[in-house]
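Engineer: For reference, the structure I am asking about is given below.
The values are calculated or read from the model by the stated rules, or taken from the named source; none is laboratory data. All values derive from a computational prediction rather than experimental measurement. Cβ: placed from backbone, ideal geometry, glycine included. Neighbour counts: every protein chain shown. Keep in mind that these areas ignore ligands, DNA and RNA; they rest on the heavy atoms of the full protein, side chains included. Shrake-Rupley method; radii C 1.70, N 1.55, O 1.52, S 1.80 Å.
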Amino acid sequence: MNDSAHDVVTDVRESLVVLTHDGELLQTLRAVATDHDISAVGAEADLAAHLLDGRAGVAVLDTDSVTTPINQLCDRLKSQFPDLVLVIAGRHEDQGPLTTQITRGTVYRFLHKPVSEQRVRLFVTAAWRRHGVEHAEVLEATATNLRKPVWSPPKPPSKKLMWIGGTAALVLIVGAALIFSGGEKKGEVVSADAPVVATPRGTVDNELEELLKRADDAMRRGALVTPPGDNATELYRLAIRRNGGDPRGTAGLDRVLDRVLTATEQALLQDKIDDAARFVETARTINPDHVRVAFLTAQIGKERERALLTQARQAAARGNVEQAIAVLDRASLGGTSANVVAEARSDIAQRGIDNRVNDFLRRANDRLRAGALVEPAQDNARFFIESARAIAPNQSDVRLAQRQLNDRIVSQARAAITAGNAEEADKWVAAAGDSGVSQSDVTSLTRDVQRIRIAARADSMAKLSQSFNQRLAQGRLVDPANDSAKFYLTELAQAEANHPSTQIARQALGSRMLEEARGAIAKQDYAAARRWMSEAKDVGIAESGTAALEHDIVAAQNAGARQAPDDIVNASSQLILTRSVKPNYPQAALERGREGWVDLVFTVRADGTITDIGVTAAEPAGIFEKAAMAAVRRWRYEPVKRDGRVVEQRARLRLRFSIE
């Protein structure tokens, strides 16, 4: 096989389709997948429209956003779009139902949520390589450890306390390292009876390296499955048996399979059906359960059917009816269920054209009654009617059978339209065009399919608007995360960002959030005020709407500071910390690499406990305040003595959050 035969050049910018309600996942994908268009959909019903335009190369499906069982949906999508690379995003428990799909390659990768930008970038890049360049090296996707949050409590003046704190920090760091190092593990599928050789860390397995080198050399010279003992397939399998934990063997076997399947597709495009059949049989020896093997086998069957019908028509047009019948007889040799004339082979010479046509029409009627209008290949009503037309194109019974078939196809299309199933309707509209239904009828059906799509979208927008208004009226602005006014606003924006309903909802929610912020200012809860201001910015309220609020927060804080007593001390330098608790680093901030600080004021009671804790400032606002207050509330200080007696003491402290 020539490498140049596998190069595909296209002027169409391919897109990444993502089905999700998760705004964070979508935002991360948009941040990393800058080389491709991103089409976001919120429902399975809208997914087909984006895939049918032929531009989609990679699809990311969020398990929280699908209604069909995820394994069934993946199988269906790969059967219809075999070149589509599927990446599934979900929780750990969602991976179990996809074990079969992941093993056989239907699902390319499983992306664990919550996602990190590094891992998303890694998966998306690998998916595009998988989809696009046939000769590119398979990306060895290995997870890069997340950077660990590092926090240092205020340094106490006592050396003994310093030693205790250092020891505790060391224990925490070691524990965190153990936790973070236990991320996702990538497994390779190896035969159960294949011994796996474990290679000690830091050593080189020379035998494995030699196998991989020989396999790569065989790949380069095109020795994919032959000669025996010195071909890429056998050598990569030996490498997998040698060390199933090394991904290079499996990646190499995948490249062999991709090369063979690509050759199959090229042969089909060049009408070299026999070559395509040999290639797909070769692919079957490598991975008989691969979804592209099944798809290409079906395509070869359809191409054989088309070629046989063309030959029969050409022979009949030359007046050679017996040759036309002989061509059609050969169809029975190439299929498992289609047996066009096997029963009558012994008396072909005695039977006339009318009998043969009647035989085809009888078979066509059987398939019509069974509902097999256009599938399976060489055993469907359309094939038998076309077979009859090849030898008797002007016979009235043949024309009648054709009209009956067309009426049934149109009826199936209209039934799907009535049921609101646009995807099923598209299939039957395409069949109508292939079967010779009039262009006016096909155009009418196409318009009707488009109308149900528009109606479904309008209905979806109305339901989302209703849910949004209910949650707004109930005061459920941001919680719970998947059933709040903010959640339904996000759904509206993903469905149609510029729709009037979306714009009205955005303004209404932003106004309510600003009201909440002002109420928090009145209660001197400046941390809550900043959180609400941050939420308002997040839903799209203009900067002008939050600038005045920011001014009010600062003014209120300054006024409170002027009224505060003069005996507030710096906790870091003037108090002795006897116990500290490490704050939890917010997961969202960790994944985005956000750092910052929080200024706190609090009272140290006579027993050293903390009370009256509040936030005076934070950068950035709305990110670290809760974690800081929760941690400091559990701290303990050495009681403060004044004039020989223990007293309460107000103190201030800046707590920093940083990623090392």
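Engineer: Just to confirm the filter: which trypsin sites (Lys or Arg not before Pro) across the stretch 408-486 are DSSP coil and have at most 16 other Cβ within 10 angstrom of their Cβ? Don't skip to the answer; put the middle values down first.
Structural biologist: Working: sites: ARG408, ARG414, LYS427, ARG447, ARG451, ARG453, ARG457, LYS463, ARG471, ARG476, LYS486; in loops: ARG476.
Of the trypsin sites (Lys or Arg not before Pro), the ones in loops of the stretch 408-486 whose Cβ has at most 16 other Cβ atoms within 10 Å are ARG476.
Engineer: Separation between the GLU550 and ARG318 pseudo-spin-labels, each 7 Å from Cα along Cα→Cβ, expressed in nm?
Structural biologist: Distance between label points: 8.3 nm.
Engineer: Another question, if that's okay. If you look at just the Cα atoms of the stretch 613-660, how large are its Rg and its Dmax in Å?
Structural biologist: Here Rg and the maximum Cα pair distance are 14.0, 44 Å.
Engineer: Run the numbers on the stretch 204-286 and let me know its relative contact order in percent, using alpha-carbon pairs under 8 Å that are six or more apart.
Structural biologist: Relative contact order for the stretch 204-286 comes out at 22 percent.
Engineer: If ligands, DNA and RNA are left out, what is the accessible area of HIS92 with a 1.4 Å probe, given in Å² to the nearest 10?
Structural biologist: 130 Å²
Engineer: Over 32 Å between C-alpha atoms is what I'm after, so list which of LYS486/LYS523; LYS78/LYS486; LYS302/LYS463; LYS113/LYS523; LYS463/LYS626; LYS427/LYS463 land there.
Structural biologist: Beyond 32 Å between Cα atoms: LYS78/LYS486; LYS302/LYS463; LYS113/LYS523; LYS463/LYS626.
Engineer: Check TRP597: other-chain or 5+ apart residues with amide H under 5 Å from its amide H, H built from backbone geometry?
Structural biologist: GLU619, PHE657
Engineer: Quick one: length gained pulling VAL647 to ARG284 fully straight, 0.36 nm per residue minus the C-alpha distance?
Structural biologist: Gain on stretching VAL647 to ARG284: 122.4 nm.
Engineer: Taking the Cβ-Cβ separation of ALA370 and LEU52 as r and a Förster radius of 30 Å, what is the calculated FRET efficiency to the nearest 0.05?
Structural biologist: E(calc), rounded to 0.05, equals 0.60.
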